[in-house]
1. Identify all residues within segment 62-75 that are modelled with pLDDT under 95 and farther than 18 Å from E6 by Cβ; write none if there are none.
2. Select from segment 1-26 the residues that are outside any strand (DSSP E or B) and not small (G, A, S) and write down the one among them that is nearest to K79 (Cα to Cα).
3. Pull up segment 17-62, narrow it to residues that are of a type in the set (K, R) and out of contact with any Leu (no Cβ under 9 Å at 6 or more places or on another chain), then point me to the one that is farthest from N87 (Cα to Cα).
4. Scan segment 22-73 for residues that are open to solvent by less than 50 Å² (accessible area, probe 1.4 Å), more than 20 Å from G107 (Cβ to Cβ) and under 10 Å from the mean Cα position of the chain (by Cα) and jot them down.
5. Residue check: is G16 out of contact with any Asp or Glu (no Cβ under 7 Å at 6 or more places or on another chain) and at positive phi?
6. Restricting the search to segment 1-50, which residues are among the β-branched types (V, I, T) and either over 22 Å from R70 (Cα atoms) or modelled with pLDDT under 95 (or both)?
7. Would you be able to say whether some residue in segment 27-40 is more than 18 Å from Q3 (Cβ to Cβ), assigned to a strand (DSSP E or B) and touching a residue at least 60 places away in the same chain (Cβ under 8 Å)?
8. So if I check each of G16, G9, which one is more than 15 Å from the chain's Cα centre (by Cα), in contact (Cβ under 8 Å) with a residue 24 or more places away in the chain and surrounded by 13 or more Cβ atoms within 10 Å (Cβ to Cβ)?
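The values are calculated or read from the model by the stated rules, or taken from the named source; none is laboratory data. Since the model is a prediction, treat every value here as computed from it, not as a measurement. Using ideal geometry, Cβ is built from the backbone for each residue, glycine included, and neighbour counts are taken over all protein chains shown. Just the protein is used for accessible areas: all its heavy atoms, side chains included, with ligands, DNA and RNA removed. Shrake-Rupley method; radii C 1.70, N 1.55, O 1.52, S 1.80 Å.
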Amino acid sequence: QVQLVESGGGLVQAGGSLRLSCEIHGGIFRHIVMAWYRQGPSKQREEVAAIGGSDPSNFATTYRDSVKGRFTISRDSAKNTVYLQMNNLKPEDTGVYYCNAKGRRDGWGQGTQVTVSS
């Protein structure tokens with residue numbers, strides 16, 4: 001069974017930075033589009049960033065409008081890990097962050113909590 005293990009969250013002040021990691025166990029996802037999601041007070045997961053896997057020389061990336069210019073998604077195929085570098089964090093970025101294959105409906109990990117204070 002594929003397991004996803006998120007880490008790197010924490011409590012930061014507005015304007016601070018965090019780097020999240022998603023380790024993928026039990027499967028090779030390097031050819032799969034991966035995404036980061038966050039779950040805020042609404043309890044709904046919203047996609048914040050995604051990264052392709054077909055072309056290792058130039059992975060395509062997409063971002064939610066509210067995080068463009070602040071967040072960067074990347075992946076290390078050798079380590080089977082996806083990252084999310086978050087800079088200039090804002091209180092509205094607060095939530096539990098999850099990774100998964102884009103469109104996958106199950107197999108969610110425990111997520112990692114990101115809390116941004118005002």
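1. Listed by number, the list is empty, since nothing qualifies.
2. Filtering first and then ranking leaves V2.
3. Out of the qualifying residues, it is R30.
4. Matches in segment 22-73: F71 only.
5. Criteria not met by G16.
6. Result: V2, V5, I24, I28, I32, V33.
7. yes
8. G16
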